[in-house]
Amino acid sequence: MKCADLHLHTIFSDGTYSPEKLLLQAHKKGLSAISVTDHDTVEAVEQSILLGKDLGIEVLPGIELTAECDGVEIHLLGYLFDYKNQALLEKLSVLKQNRVERIYKISDKLKGLGVKLNPESVFELASSGTVGRLHVARAMVKEKIVNTVFEAFRNYIGDQGPGYVCGFRFSPQDAIKLIKQAGGIPVLAHPYTVRRDELIPELIGYGLMGLEVYYSEHTQSMINYYSGLVKQYNLLATGGSDCHGNAKPEVKIGSVKIPYELVNKLKAAKENLEK
């Protein structure tokens, strides 16, 4: 049966796999379709599409936008949009700079906690990709401040951690609007991590079209619950592993596989948008 993994990251954000390595891994796992959903960037999309054609793997244009609501991070996945849309690219440039500023703020906050982390060590890991907390965690491991990425998030930079900084200045409404203006389908990523299910109807009002029901950290009861919301609100269901390569070694590409039927439903929804 054809299957897909629609939540994957590359070195262009906070993953450790190049697009080429990602596609080769997808091929090994027998995936028929994937989506590269790097944080706030589309730099890997075109290359991945071309590589996918050589390997017989369909690559859906994707992105994971980071928004902020009442100090809480909310991630919106976008699918099947025009990744060369000028308004989109201009906004992504601003978001990339916001991420750089955030690293300095996190570093300052950690310094106030007695933890010395040089921001340049974080940027070195990120290279030219969009920089994020996973780079901070990896830098903390590299500098022997913590032993593991998990420890960095648990003790310092997790959503409730003393070193956490949000600061994206980008609302979920803005993120949904940006995806839709580029002709795409906005989907709420890993809804359980937001822990604000009461926001879902509000997001639907802004134009949200789907929920990431199938996710590497979703239990069966969570899958059942979000599947119920999909039916209740007539939404699309998507899913993916959220593989970051070796940055999250416990999460493997293809560890979450969704039936290709759900990809077809995304495509049908895209066609309806174009009518």
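Each reported figure results from applying straightforward, stated rules to the coordinates on display, with no laboratory input. Worth saying up front: this structure is predicted, and the values here are computed from it rather than measured. Here the Cβ positions follow ideal geometry from the backbone for every residue, glycine too, while neighbour counts run over all protein chains shown.
Measuring from centroid to centroid over Cα atoms, what is the spacing of the stretch 93-156 and the stretch 178-209 in Å? If you average the Cα positions of each part, the centres end up 27 Å apart. Phi-derived couplings, Karplus 6.51 cos²θ - 1.76 cosθ + 1.60 at θ = phi - 60°, listed residue by residue for the stretch 179-193: 5, 5, 5, 8, x, x, 10, x, 9, 6, 6, 4, x, 5, 5 Hz, with x used for Gly and Pro.
Where both residues lie in the chain, what percent of DSSP beta bridges are antiparallel, nearest 5?
On the way: 14 of 30 bridges.
About 45 percent, rounded to the nearest 5.
Think of each Lys and Arg Cβ as +1 and each Asp and Glu Cβ as -1; about the Cα centre, that makes the dipole of the chain roughly 300 debye.
Could you sort the peptides 4-17, 30-43, 121-134 by per-residue average Cβ neighbour count (10 Å cutoff), highest mean leading?
Values: 4-17: 26.1, 30-43: 23.8, 121-134: 19.4.
Per-residue Cβ counts within 10 Å, averaged per peptide and sorted highest first, yield 4-17, 30-43, 121-134.
Counting helices only, and only those DSSP H runs with n ≥ 4, report the 222 nm mean residue ellipticity of the chain as the sum of -39,500 (n - 2.57) divided by its residues, in deg cm²/dmol to the nearest 500. Intermediate results must be reported in sequence, preceding the final value.
On the way: 11 runs with 120 residues, N = 275.
So the helix-based figure for the chain works out to -13000 deg cm²/dmol.
Charge dipole of the stretch 94-157 (Cα centre as origin; +1 on each Lys and Arg Cβ, -1 on each Asp and Glu Cβ, all else neutral): 140 debye, rounded to the nearest 20. For the stretch 135-275, lysine pairs separated by 8 or more sequence positions, or belonging to different chains, with Cα-Cα distances below 17 Å total 10.
Across every pair of non-identical alpha carbons in the chain, the mean reciprocal distance, once inverted, gives a Kirkwood radius of 18.8 Å. With R₀ set to 51 Å, the beta-carbon distance separating residue 141 from residue 87 gives a calculated FRET efficiency near 0.85.
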